[in-house]
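All of the numbers you see were taken from the coordinates with simple rules; none came from a lab. Computed from a prediction, not measured in an experiment: that's the story for all the values here. Here the Cβ is made from the backbone with ideal geometry for all residues, glycine too, and neighbour counts use every protein chain on show.
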Amino acid sequence: ASRKKPRLRAAVQSEDESKKRGRGKSLFGLEAILNFDWRISIGDADLNEQEFDELLARGERLVKFRDRWIVLDPALIAQIRRMMEGMDKSQGLSFQDVLQLHLLSQGEADGDADGGASDADAETFAADSSRVQLEVELNAHLTGLMAKINQQSEWPRLDPPAGLRAELRSYQQDGFAWLAFLRRFGLGACLADDMGLGKTVQLITYLLHAKEQADEEMRLPSLIVCPTSVLGNWQKEISRFAPSLRVAMHYGSGRKSGDEFRQEARSVDVVLTSFATASLDQETLSGFQWGAVCLDEAQNIKNAGTRQAMAVKSFPALHRIALTGTPIENRLAELWSIYDFIVPTYLGTAKAFQDRFAGPIEREQDGRRTAELKKLVKPFMLRRKKKDPSIQLDLPDKNEMKTYVPLTSEQAALYDNCVKELLDKLKKLDGIQRKGAILGALTRLKQACDHPALLDEDTGAEPEDGPLQTEAIVARSSKLERLLAMVKELRESDERCLIFTQYIGMGKMIQDVLQRELGEPVLYLNGSTPKVQRDRMVESFQSRDLPPSEQPNVFILSLKAGGVGLNLTAANHVFHFDRWWNPAVENQATDRAYRMGQTRDVQVHKFISLGTLEERIDEMLENKQQLSDNVISSSEGWITELSTDALRELFSLRRDWSRD
């Protein structure tokens, strides 16, 4: 007898068979129900359910079937019976079940195709021969559909909508066709292209296509939810690429509610709102049926427990789309939250996902679980990178350079003092208080690396506190000194730059110093900048037509407020004045300049204070980038988990690098 693995297969019926049995519901969404028949494989014999029952009725352990002898092991038979009874055939299988069974059996099927199930290799499977595999057997229609869903073949080619005012690149055409294809089957999508590859124009093309394809009476508006800082950008891009799309802005104190809102929404094709407004107006927005709900910068819902994440997941829609350049920033739970929005229940509950995937992958780097998760995630995520050979871009190269600077003696003394204070505190603290002390010290150490004035409680670091001597301010910080020299040099070549910093005091100080030294306007955008002012800043910075005395060429931005959604290709230099402990966030910020429309090479300058935790952590940042690429990530609070000795090693200043 053959030693092939025993298999139990749910064979999905053809559409004709389903209709004969009166269960002709069309395939639409993960909840769609599919009828199936059981197929049982034991050794070389393939049996249907009736043949299997007839053999069992003989009550023999060795039976002859179609001129073959089959061993009916009682333990195997009991397993098969339990599995068949565990699935109610009269209820059918959901499309979600079929898809997951198919995806997770891909590796097994590939192994068998290589001869893994031949008699000669029977010993290989001896250990597994007692384990019954449950598989799914697809009908012809589903086989073609699965190949397309799993991106193993071309999606149906679509002509760009008639109203589109843009030339799509081939990969953008593919992205639009992919979104439209998944919409046909009610399956959500995560478009996760690198920043700068044109996710916005792909979504606008999709929305225009949806409008042009829908019957007039069946047409439903779509909702786009995005950060406040890019609402104006979406408004402009839609009017530029798809002027026939009617847009309503649901934002600000004058926004409508109740019947007025419903009337407005029905009269347009797209409603734009911010994550904050979506959270505040959850009742209004969830009481309306949307054609599609689309999230821009979908990492805003990475924490599933937040009010805004729960709000957007409550909005009813025929289709859900998430746009993000960083589907994972720190933890796999963030990926789960995005999938919980686009394909609810597909990856299970948060706890089930943590137990099955996040825990084993993050703690133990479990290769099998990583491979399984990749298979499940792949059909609903399209991620192209700027450097992919298949993407023919006119983007110039991005040159990243690390700019190392020593601390001034004042900075070194403050830095040392912060470390000493922390180590003294840690002798008396534990638990949550210990973590809080470490995070507080992290902030103070980074501020000491930036400028001593950030730690001065009573020294005016801001211009309104009185006229400050620029030279004296600059002399207190090596970073500021280096930045000023580099910005002066690039301005002499008539080049423009972006400067990112995390601290408002630092941003204001840089703005004040550069305005005085350069004698030209310098912009500063942070979280408190109103939307109208943000839009005006972006427009003036991108302009080439303003008089020299009014033209800003330097744009300072806070990493969180200015790191996403803005198009600032007039700059070809990007400075990271202080480092963020997350390469995904830093890269997003850099991509404000390094994106389509950029005609020059982009120089990225990352400032690192020598001998400090900035230098030691830089290497860890590089490693963390690898994690994100492998759907593996580390915990955000990893520094707080270090032992006191490890913290001393990480934080302590190596004196040879401080400046006298």
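Annotations for the structure displayed:
- Relative contact order of region 402-657: 22 percent, from C-alpha pairs under 8 Å at least 6 residues apart in sequence.
- Shape analysis of region 402-657 based on the Cα gyration tensor places the equivalent ellipsoid semi-axes at 32, 22, 16 Å, largest first.
- Greater than 21 Å apart at Cα, pairs in Lys302/Lys402; Lys256/Lys302; Lys402/Lys479: Lys302/Lys402; Lys256/Lys302
- Taking amide H positions as modeled 1.01 Å from N, with prolines and chain starts lacking one, the residues under 5 Å from Leu295 and 5 or more places away or on another chain are Val225, Ile321, Ala322, Leu323.
- Applying 1/(1 + (r/R0)^6) with r as the Cβ-Cβ distance of Arg68 and Glu167 and R0 = 60 angstrom yields a FRET efficiency of 0.45.
- Listed from fewest to most Cβ neighbours within 10 Å, the set Leu523, Leu647 follows the order Leu647, Leu523.
- If the segment from Val268 to Ser239 were pulled out straight at 0.36 nm per residue, it would be longer than the present Cα-Cα gap by 9.1 nm.
- Relative contact order (percent, whole number), region 172-260, Cα cutoff 8 Å, 6+ residue spacing: 27 percent
- Annotation: extensible slack from Glu489 through Glu520 equals 9.7 nm (criterion: 0.36 nm per residue apart, minus Cα-Cα distance).
- Cβ-Cβ distance of Asp46 and Ala147, R₀ of 22 Å, FRET efficiency by 1/(1 + (r/R0)^6): the value works out to about 0.40.
- Subtracting the Cα-Cα distance of Leu439 and Met87 from their residue separation scaled by 0.36 nm leaves 121.7 nm.
- Fewest neighbouring Cβ atoms within 10 Å first, the residues Asp174, Asp296, Asp53, Asp159 line up as Asp159, Asp53, Asp174, Asp296.
- Compactness of region 170-382 - radius of gyration and Dmax, Cα, Å: 17.2, 54
- Per-residue Cβ neighbour rank within 10 angstrom, fewest leading, His209, His605: His605, His209
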